[in-house]
Amino acid sequence: MLKPQYVIGLDYGTDSARALLVDANTGKEMATAVHLYSNWKEGKYCDTKVSQFRQHPKDFIEAMEVTIKVVLAMVDPEVRENIKGISIDTTGSTPVAVDKNGTPLALLPQFEENPNAMFVLWKDHTAIAEANEINALAKRWETDFTKYSGGIYSSEWFWSKILHILRTDEQIAQHAYSWVEHCDWMPALLTGNTDPLKLKRSRCAAGHKAMWHEDFDGLPSQEFLTALDSRLNGIRSRLFSETYTSDVSAGVISAEWADRLGLPADVVIGVGALDAHFGAVGAAIQPFALVKVMGTSTCDMLTVPAEGFDGSLIKGICGQVNGSIVSGMIGMEAGQSAFGDYYYWFQQILSFPVKELTKGVLSAADIDRIIEGILPALTLKARELPVTENDVVALDWINGRRTPDANQQLKAGIMGLGLGTDAAALFKAFVEATAFGSKAIVKRFEAEHIPINEVIAIGGIAKKSSYIMQTLADVLNVKIAVATSEQVCALGAAMFAATVSGIHADIGTAQKMMNSGFDKTYYPDKDRVLVYEKLYDKYEKLGNLIENFVLPEEVFG
């Protein structure tokens, strides 16, 4: 019999973190726990009007302690004693300013309530101007440092956010020695090696979000960064040049954290990565299979062999990085800036009368119950509606466009409204819009000679909404398999933990031994496929209209 060996995958999402304790020999999920970020759920440090989304490092520490302690309490002592590894994924790009010790500035007393000292969440779009400047300079520079990032740099990424903070907060600019991604800081914290010059940086985050590439000898040149803004002068030497794939150990857990969490002293900590990339591994990604991570936004992950594709430049995606998902393979990322967030926005719009007109009439619990029932009720009604080529058509750019061709200044639009358009018809259009956005991504890969052989879906939406998934299958005209595990990103993290701790020889073996399989498959409806082809054509035309829209002041001066 195999010796019992267990690992923990820790997955940091937008709203919460989850720990998954897994039997590394069989893939059996022994225990799981989820914790909502305390400050985040109160709406602290965020301002949706200007797309500012910040998260306090205290939330991340608390979530790790709570979830790991909960899963440990759910299993026998023998299991706890045989935990061998932990790997961590996070959202990204989610960087933070740190001091020389690698301490996030928000953990220092003078900055503990300053949003600019906190982690800048992936969906923070306060740096649109900075992203535009990076793109403009890159196109004039001798070397286009955006060429492995789809040719367009985004406001959601590392350098845009850093430059924006440096420009808007002089105190942070004076005290920020370096900057660290969330997925790099968590392993550094657990190993006790937070020195920003020594901690191991994720190949995944650096390649997809920070324009790191071996052809550039690391990050963009200091000359380029200084030309961008003098505030960046000298920053390259305070960051990193080497990166590591996630099948590499970041070190062994420190005595402090082993004691604090109740873990063995020899637990190996893996190099971190972005959540969608670990999710792709957890879903047993294979070459030319598109893994859709479906939540508040989407990330679409694809791997192709390095041989034959290394050096190919795929336009308009979120980067192509050797080893970002699986070592030896080119990892490609695309995605949409809003998916579940689109539906949640509509729910909030419709909840206005419930919130405003029932105060003092209904209890807070009753009001919450009504609001939580809005989307399920809309789904039932939308499912009953026919699909015709004269239906309302909407764009999915309500939080900008991530891919293809990043442009966070774009807004959503709707066409075909009439007095007969009701809430269910609008919801149907919004669901179809998110599916059309997914199709635009697939069409871009195919246009760049990257075939999509199959689609795998993971995440909360994939598990909970058969209506959305069937619509997606009809729009894409492809079979979609849904992974069984409820926590596929955390499962992918567990697979990497099993690899870095030596339980499995490589990530491929870990995938074979630990994957959860698939529990649902959606097949396209041939009749709807034909109608959706016509509606997608209208989606493209509406998109062109919105993207090329000229504001009146630009016409009349």
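We did not get these values from a lab; they are worked out from the coordinates using the rules stated. Computed from a predicted structure; not experimentally measured. Cβ placement follows ideal geometry from the backbone for every residue including glycine, while neighbour counts extend to all protein chains displayed.
Of the cross-linked pairs Lys58/Lys411; Lys100/Lys139; Lys381/Lys538; Lys381/Lys439; Lys100/Lys292, those separated by over 29 Å at the C-alpha level are Lys58/Lys411; Lys100/Lys139; Lys100/Lys292.
On the beta carbon distance between Glu448 and Phe549, with R0 = 30 Å, the FRET formula returns roughly 0.65.
Pairs with C-alpha atoms separated by more than 30 Å, drawn from the list Lys28/Lys463; Lys428/Lys526; Lys464/Lys534; Lys464/Lys526; Lys123/Lys526, are Lys123/Lys526. Relative contact order of segment 29-181, taken over Cα pairs closer than 8 Å and 6 or more residues apart, is 27 percent. Distance from the C-alpha centroid of segment 377-405 to that of segment 184-253: 39 Å, rounded to the whole angstrom. For the peptides 422-428, 335-341, residues were scored by their other Cβ atoms within 10 Å and the scores averaged per peptide; the highest-first order is 335-341, 422-428. Label-to-label distance for Asp537 and Ser312 is 2.9 nm, based on points extended 7 Å past Cα in the beta-carbon direction. Label-to-label distance, Thr521 versus Glu112, with points set 7 angstrom from Cα along the beta-carbon direction: 5.5 nm. In summary, the aspartates and glutamates within cross-link reach of Lys3, defined as a Cα separation below 19 angstrom excluding same-chain residues under 8 places away, comprise Asp23, Glu29, Asp76, Glu78, Glu81, Asp266, Asp506. Placing a label point 7 Å from the Cα of Leu357 along the Cα-to-Cβ line, the residues of segment 399-437 whose backbone N sits under 18 Å from it are 422-424. In percent, how large is the relative contact order of the chain, given Cα pairs closer than 8 Å and 6 or more residues apart? Normalised by residue count, the contact order of the chain is 16 percent. Taking 0.36 nm per residue of sequence separation and removing the Cα-Cα distance, the Ala364/Val75 pair yields an extension gain of 100.4 nm. Within segment 44-130, list the GluC sites (Glu not before Pro) lying in a DSSP loop whose Cβ has at most 10 other Cβ atoms in a 10 Å radius. Of the GluC sites (Glu not before Pro), not one in the loops of segment 44-130 has a Cβ with at most 10 other Cβ atoms within 10 Å. One Cα centroid belongs to segment 17-69, the other to segment 480-533; the line between them spans 21 Å. Peptides 235-247, 273-285, ordered by how many other C-beta atoms sit within 10 Å of their residues on average, highest first, read 273-285, 235-247. Counting Cα-Cα pairs of segment 349-496 in 5 Å increments starting at 0 gives whole-percent bin shares of 2, 8, 13, 15, 18, 18, 12, 7, 4, 2, 1, 0, 0.
Pairwise Cα separations in the chain fall into 20 Å bins from 0 onward with the following percentages, short to long: 22, 56, 22, 1. Counting only DSSP beta bridges with both residues in the chain, what percent are antiparallel, rounded to the nearest 5? Around 70 percent of the beta bridges assigned by DSSP in the chain are antiparallel ones.
Using a cutoff of 8 angstrom between alpha carbon atoms and counting only pairs six or more residues apart, the relative contact order for segment 240-392 works out to 15 percent. When the alpha carbon gyration tensor of segment 287-340 is reduced to an equivalent ellipsoid, its three semi-axes come out at 22, 11, 8 angstrom, largest first. Evaluated with a Cβ-only charge set (Lys, Arg +1; Asp, Glu -1), the chain carries a dipole of roughly 460 debye about its Cα centre, given to the nearest 20. Within segment 400-557, antiparallel bridges make up roughly 60 percent of the DSSP beta bridges whose residues both belong there.
Neighbour counts of C-beta atoms inside 10 Å place Val22, Val79 in the sequence Val79, Val22, starting with the fewest. In the chain, taking the dipole from charged Cβ atoms about the Cα centre, the farthest positive-side position among Leu263, Val431, Gly517 is held by Val431. Each peptide in 42-52, 455-465 gets a packing score, the mean of other Cβ atoms within 10 Å over its residues, and the list from highest to lowest is 455-465, 42-52. Projecting the Cα atoms of Val252, Ile235, Phe216 onto the charge dipole of segment 211-252 (Cβ charges, centred on the Cα centre) puts Ile235 farthest toward the positive pole.
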